[in-house]
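**Q** Structure below; questions to follow.
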Amino acid sequence: MENILSILVFFPAVAGLLGFVVDKESARAYGITVATIEFFLSLWLWFSFDTSNAGMQFVEMIPLIPDMGISYYVGVDGISLFIILMATLMTLIGMVSMSITKNIKNMIISLLFLEMTMVGVFVALDAIIFYLFWELSLVPMLYIIGAWGGPLRVYASIKFFLYTFTGSLIMLVGMLFVAYIYHNLTGVWSFAITDWYALVLPVNYQLWLFAAFFMGFAIKVPMFPFHTWLPYAHGQAPTIGSVILAAVLLKMGTYGFVRFSLPMFPDASVIAITPVAVLSLIMVVYTAMVAYAQKDIKQVIAYSSVSHMGIIMIGVFAMNAEGISGSVFQMLSHGIVSGALFMLVGMIYDRRHTKLMSEFGGLASVMPKFAVIFGIMLMAAVGLPLTIGFVGEFLVLLGFYQVSPMMTIIAGSSIILGAVYMLAVFKKS
């Protein structure tokens, strides 16, 4: 299947369009079927992947606007491969576990279009195509929060859109400027990321361009102090929205740093190590303390997501094999664990119609299996050895220790702080 990536990208969108003619009673089964096929296609991609090849694989390139160097250019490497696999898996699990009955057909269609944009972001090797998928991902998520969210859903969805859209516009300016520089140096236009990697830019240019891309990616992560949209988005979004947002959409930001900022602006990235590390440490410590103070269990998970994303950012800017490998593994770990926690919280909310921990208490006595699974996921979120959360955090801290032992010790406090607020959640529930 030479066009496997195009099939992976556009199959959910075509299925979403066909979903308009599907009967409302059959919409859920239809969505699960499509998501299952998409997941198995991503598995096929994994099994066909050549692990001995460090370059891009399954590459497709179709010129779209040749005079401007814009092409439909896609491919995957070992980083994007597993994030795509996680995106298709979490979409499938989210659809299977979804309890929404209101306008279920519209929800299924929205999720299928969202899945298209998520996969598109992680396979795009042309900056314009990347940007289009990046921006299009806002639309279905905006609709999901605004149509099925809580009482403050309109405020949360607008804040989510304005923050991320503003950062994206600044990033677009940076992309256009890189293309302009490439044109001046080579005489041809190109938006291919692999062509941009060959550019050797002056440090002052790198700093300005790094800042432009930083705004787009940092808001998406979200890094401190751009994180304020996330608790509202998570708090008001339906369970499926929170699952996809935490598991996949936040990873677009960290993926962007790995795919664009580090290889294209290496000198600026080295200069930015300390500032980014400081912001990441604030994310880790500050949001962990805020999480402990929350009374709403969903807000605890939301703030814990910000804290864990700080750990991922530290790994990315360790700029060594251990740190970046750990950050990629932590992206996968956080996606699975945070998605599972939001699903478990949604399960309780569907039964009790409250997210206040004071309204729970003693769940283990009436839901012992739920309590066991919830406890395991909390331990994985903390980073307990033998859980999926441990490997990524260990590699991140190992990698960043080579950069700054003192900052690594502060970052390591996230394990203690995480244990404090997660165990408090388990005790109160």
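The values are calculated or read from the model by the stated rules, or taken from the named source; none is laboratory data. Note that this is a predicted model, so its numbers are computed, not measured. With ideal geometry, Cβ positions are generated from the backbone for all residues, glycine too; neighbour counts draw on all protein chains shown. SASA here: full protein model, heavy atoms, side chains in, ligands and nucleic acids out. Shrake-Rupley method; radii C 1.70, N 1.55, O 1.52, S 1.80 Å.
**Q** Out of the residues in segment 160-182 meeting the condition of being free of Cβ contacts under 8 Å to residues at least 60 places away in the same chain and polar (S, T, N, Q), tell me which one is nearest to residue 192 (Cα to Cα).
**A** If we take residues in segment 160-182 being free of Cβ contacts under 8 Å to residues at least 60 places away in the same chain and polar (S, T, N, Q), then 168 is nearest to residue 192 (Cα to Cα).
**Q** Name the residue, out of 361, 335, that is of a type outside the set (A, V, I, L, M, F, W, C) and within 19 Å of the chain's Cα centre (by Cα). Working first, answer last.
**A** Working: 361 fails: within 19 Å of the chain's Cα centre (by Cα).
Residue meeting the stated conditions: 335.
**Q** In this structure, is residue 282 part of a helix (DSSP H, G or I), more than 16 Å from residue 380 (Cα to Cα) and at pLDDT 90 or above?
**A** Values: part of a helix (DSSP H, G or I): yes; more than 16 Å from residue 380 (Cα to Cα): yes; at pLDDT 90 or above: no.
No, not satisfied.
**Q** Hey, among 143, 163, which residue is open to solvent by 30 Å² or more (accessible area, probe 1.4 Å), among the hydroxyl-bearing types (Ser, Thr, Tyr) and closer than 28 Å to residue 33 by Cα? Reasoning before the result, please.
**A** Working: 163 fails: closer than 28 Å to residue 33 by Cα.
Result of the check over 143, 163: 143.
**Q** Cβ-Cβ distance below 9 Å, separation of 6 or more or different chains: which pairs start in segment 133-152 with a residue that is under 21 Å from residue 350 (Cα atoms) and at pLDDT 90 or above and end on one that is of a type in the set (Lys, Arg) and part of a loop (DSSP other than H, G, I, E, B)?
**A** The qualifying pairs do not exist here.
**Q** From 303, 286, grab the single residue that is more than 29 Å from residue 99 (Cα to Cα) and hydroxyl-bearing (Ser, Thr, Tyr). So that I can check it myself, show each step before the final result.
**A** Working: 303 fails: more than 29 Å from residue 99 (Cα to Cα).
Going through 303, 286 in turn, the sole match is 286.
**Q** For a quick check of your reading of the model, give me the residue pairs whose first member lies in segment 417-429 and is of a type in the set (Ser, Thr, Tyr), whose second is open to solvent by 70 Å² or more (accessible area, probe 1.4 Å), with beta-carbon atoms closer than 7 Å and at least 6 apart or on different chains.
**A** Once the first residue is of a type in the set (Ser, Thr, Tyr) and sits in segment 417-429, its partners that are open to solvent by 70 Å² or more (accessible area, probe 1.4 Å) give 421/292.
**Q** Residues being open to solvent by 10 Å² or more (accessible area, probe 1.4 Å) and part of a loop (DSSP other than H, G, I, E, B): count how many of those fall in segment 215-236.
**A** The number of residues fulfilling the criteria is 5.
**Q** Now a separate question. Counting only residues that are crowded, with 22+ Cβ neighbours inside 10 Å and touching an Asp or Glu at 6+ places or on another chain (Cβ under 7 Å), which one in segment 375-405 is modelled with the lowest pLDDT?
**A** 383
**Q** Take segment 185-205 and flag every residue that is in contact with a Ser or Thr (Cβ under 8 Å, 6 or more places away or on another chain) and part of a helix (DSSP H, G or I).
**A** Start the filter on segment 185-205 by keeping residues that are in contact with a Ser or Thr (Cβ under 8 Å, 6 or more places away or on another chain), which leaves 191-192, 196.
The answer is 196, and nothing else.
**Q** Give segment 342-374 a look and list any residue that's in a loop (DSSP other than H, G, I, E, B) and surrounded by 12 or more Cβ atoms within 10 Å (Cβ to Cβ), or say none.
**A** Within segment 342-374, the first condition is being in a loop (DSSP other than H, G, I, E, B), and the residues that meet it are 353-355, 360-362, 367.
Residues satisfying the conditions are 354, 355, 360, 367.
**Q** Restricting attention to segment 392-415, report how many residues are assigned to a helix (DSSP H, G or I), over 22 Å from the mean Cα position of the chain (by Cα) and among the β-branched types (Val, Ile, Thr).
**A** Start the filter on segment 392-415 by keeping residues that are assigned to a helix (DSSP H, G or I), which leaves 392-401, 405-415.
With over 22 Å from the mean Cα position of the chain (by Cα) added as a condition, the list becomes 398, 401, 405-410, 412-413.
From what's left, among the β-branched types (Val, Ile, Thr): 408-410.
Adding up the residues that qualify gives 3.
**Q** Taking segment 260-314 only, how many residues are open to solvent by 10 Å² or more (accessible area, probe 1.4 Å) and either within 16 Å of residue 414 (Cα to Cα) or out of contact with any strand residue (DSSP E or B) (no Cβ under 9 Å at 6 or more places or on another chain) (or both)?
**A** Residues meeting the conditions: 25.
**Q** Can you work out which of the residues in segment 244-298 that are closer than 25 Å to residue 404 by Cβ and of a type in the set (S, T, N, Q) is nearest to the chain's Cα centre (by Cα)?
**A** If we take residues in segment 244-298 being closer than 25 Å to residue 404 by Cβ and of a type in the set (S, T, N, Q), then 254 is nearest to the chain's Cα centre (by Cα).
**Q** Within segment 237-254, which residues are among the hydroxyl-bearing types (Ser, Thr, Tyr) and either more than 15 Å from residue 171 (Cβ to Cβ) or surrounded by fewer than 24 Cβ atoms within 10 Å (Cβ to Cβ) (or both)? First the steps, then the outcome.
**A** First, the residues of segment 237-254 that are among the hydroxyl-bearing types (Ser, Thr, Tyr): 239, 242, 254.
Hits for segment 237-254 are 239, 242.
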